[in-house]
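Below you'll find the structure I mean.
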Amino acid sequence: MEYYTHVRLKNEFNAGNKATDDIAHICESMGLKELVFPKLPTNLNKYLHKVWILAVTSFTWFKYYLKMKKGDLLLYQHPMYGVRMSNYFISKIRKKGCKCIAIIHDLDTLRNKGVDGYLVSNKTAFIADDCLLKQFDAIICHNGIMHDYLVSQGFDTDKLIDLNLFDYLTDHEIPVRHKDSTDYSLVIAGNLTRMKSSYLYDFIDKSPDDTDLYVYGVGYDADSSHGNVHYEGAFPPDELCAKMKGDFGIVWDGTSAESCVGNTGNYLRYNNPHKLSLYLTSNIPVIVWSRSAVSGFVKENGVGIAVDSLMDIEGIINGLSSEEYNIMVDNTAGISDRSRNGLYFKAAYEEAKKRL
């Protein structure tokens, strides 16, 4: 029997859990059985929070440990709360004769941010990203750069499989994005609070009013809007694919429009942002940071532009013909089809099973 871990969350306008939910849906379609972990409560004080994690993860893991038999396979969605219990029980499960595969959603040692907004101590992050992950028989990581980083941290390269792109499931019909004109517009979707998306407000302050910018998500500070900025509201993640306006989706992070800086900005050097999957699944070409890990994927597949600074966008798109843009749109079609059908994860999972 093959199993997968899943923490069930519900927040219809927050895409933060869509990647794990999509993996769960794909796994279910492949016949894997779900091992559910309860939602982490956010209304407890620090002490009760630790007690809850210890009690709940111990009980839940022990229940699944008893359920699993020799020859079974477990897919672990990493990271998850309760890493110390996960570290203990993954070892016990493997000693039982089961094989274990991890799929990395985030590396807290790189992003310095905890699951569900809780800060993770350096020790906890180390246990999660080193002690725990090194126990797995195969690991699905984001891309070649994250692959090389993990090898530099002592991981066996033969156990690492590159995902290349997170799938983005949706049943909604995706609009055709071809253009006859060269009046290009931009789109930014996500958590739009100043704390999370400082670069957006820096970009709004510094950019000219010539190019329309459409923004989608929660937490937008409407007082910052200029005439060219259009706040379009928030939508459930799978519905957003069909709703979005804009000709180029911006994949950026950090505090500055000039470069991707700070913890979240520098994290783009290693990870595959789920926002990239959103835009490409929506048949929207992208604009990414030139030093981000995904810039190679974008250029190799001809689905967008890599820039050093968001302030470079205006000059680049002003020189872009509609024919050149439509080629990018055509190139997104195959990626969108694979992403909407979960084929990136399916391929990586099958390859991981071959490594066992």
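Can you tell me which residue among 296, 262 is modelled with pLDDT under 95 and either assigned by TED's automatic domain parsing to the domain that holds residue 321 or surrounded by fewer than 23 Cβ atoms within 10 Å (Cβ to Cβ) (or both)?
It is 262.
Could you look through segment 156-186, keep only residues that are assigned to a loop (DSSP other than H, G, I, E, B) and in contact with a strand residue (DSSP E or B) (Cβ under 7 Å, 6 or more places away or on another chain), and pick out the one that is farthest from residue 133 (Cα to Cα)? Can you show your working first?
Step one: filter segment 156-186 for residues assigned to a loop (DSSP other than H, G, I, E, B), giving 156, 163-185.
Remaining after also requiring in contact with a strand residue (DSSP E or B) (Cβ under 7 Å, 6 or more places away or on another chain): 163, 184-185.
Numbers: 163: 16, 184: 43, 185: 42 Å.
Once the filter is applied, the top-ranked residue is 184.
In this structure, does residue 249 turn out to be crowded, with 17+ Cβ neighbours inside 10 Å, touching a residue at least 40 places away in the same chain (Cβ under 8 Å) and in contact with a strand residue (DSSP E or B) (Cβ under 8 Å, 6 or more places away or on another chain)?
Yes; evaluated as a whole, the condition is true for this residue.
A further question follows. Can you run down the residue pairs with Cβ atoms below 7 Å, 6 or more apart or on separate chains, where the first is in segment 265-279 and assigned to a loop (DSSP other than H, G, I, E, B) and the partner is surrounded by fewer than 23 Cβ atoms within 10 Å (Cβ to Cβ) and of a type in the set (Ser, Thr, Tyr)?
270/149
Being part of a loop (DSSP other than H, G, I, E, B) and farther than 22 Å from residue 17 by Cβ is the filter here; which residues of segment 187-231 pass it? Lay out the reasoning, then the answer.
Our first condition is that a residue be part of a loop (DSSP other than H, G, I, E, B); within segment 187-231, this holds for 190-197, 207-212, 217-221, 225-228.
Scanning segment 187-231 gives 194, 207, 208, 209, 210, 211, 212, 221, 225, 226, 227, 228.
Where in segment 1-84 are there strands (runs of 3 or more DSSP E), lying fully within it, with 1 or more residues that are basic (Lys, Arg) and at negative phi?
Numbers: elements: 2-7, 33-37, 73-78.
Those strands (runs of 3 or more DSSP E) span 33-37.
Out of everything in segment 151-166 that is under 29 Å from residue 280 (Cα atoms) and in contact (Cβ under 8 Å) with a residue 12 or more places away in the chain, what residue ends up being nearest to the chain's Cα centre (by Cα)?
166
Follow-up question, since we're still on this one. Kindly indicate the residue of segment 177-204 that is touching a residue at least 60 places away in the same chain (Cβ under 8 Å) and among the aromatic types (Phe, Trp, Tyr) and also surrounded by the fewest Cβ atoms within 10 Å (Cβ to Cβ) among those meeting that condition.
Once the filter is applied, the top-ranked residue is 184.
The values are calculated or read from the model by the stated rules, or taken from the named source; none is laboratory data. Computed from a prediction, not measured in an experiment: that's the story for all the values here. We place every Cβ from the backbone using ideal geometry, glycine too, and count neighbours over all the protein chains shown.
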